[in-house]
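See structure below.
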Amino acid sequence: MSASAAAASASLFKDEIKKELDLRLGFVDFARVHFISALHGTGVGNLFDSINEAYESATRRNSSSTLNRVLQAATQEHEPPVSGGRRIKLKYAHAGGYNPPRIIIHGNKVSKMPDSYKRYLINCYRKSLGIMGSPIILEFKEGENPYANQKPAQKRLTQSAMRAERRKAETERRYARAASKAERAQNRVIAEAKRTGAGVVLKKRPKPKAK
């Protein structure tokens, strides 16, 4: 077999291997594929380059303005789908963590976001930010009003009760601090009397009134 025929055969073999990897490991499509030789050591240098690339991609800090620009461009290019007669709306994005990159996207009806559009957004961020060798985690959050199902009177009652509880807790803490301070002062008087051998008359504490 000639050298050119051997090279063509090797290239065809690599293509088949890549296709098989795509079928079996489609969930790690963010990782680069390298062919290395354990016998000759060829391709090892490229492997370490990809390791450095993956680390840099996983630990890079991206500003909220950058993440929002990518989100705006992605939604203009391909609008979010419609759910229940209304289009899903994506408002803004910000970083939620690193290693791997985590992006928080706020909007309306985001719980109805289909997986296909999520993958589209991930690909947009990967291409725009140059993230390779690391997964991108998207989290969708929708603002919820905790009083949405309550009447105004119920809101006022709840808030009033909360304020009363806070005042009660503060009063109890104040009395506890005063009692602790008085007890410490009394203990110092007793200790001094014992040290000097002098007598001491303690103030009687008023007995609590019977209910």
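Bear in mind these aren't lab numbers, they're just calculated from the coordinates by the rules spelled out. Bear in mind that the values here come from a model prediction, so they are computed numbers and not experimental data. In this analysis, Cβ positions are derived from the backbone assuming ideal geometry, glycine residues included, and neighbour counts consider all displayed protein chains.
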- [ ] Neighbouring Cβ atoms within 10 Å as the yardstick, rank TYR92, TYR175 fewest first.
- [x] TYR175, TYR92
Task: Whole-number percent relative contact order across the stretch 16-144, with pairs defined as alpha carbons under 8 Å at least 6 apart - done: 28 percent
TODO: Just list whichever of LYS19/LYS141; LYS91/LYS127; LYS89/LYS118; LYS91/LYS118; LYS19/LYS112; LYS19/LYS89 have alpha carbons separated by over 25 Å in the model shown.
DONE: LYS19/LYS141; LYS19/LYS112; LYS19/LYS89
Open item on the list: I'd like to compare 135-142, 113-120, 166-173: which one has the highest average count of other Cβ atoms within 10 Å, and what's the full order after that?
Closed with: 135-142, 113-120, 166-173
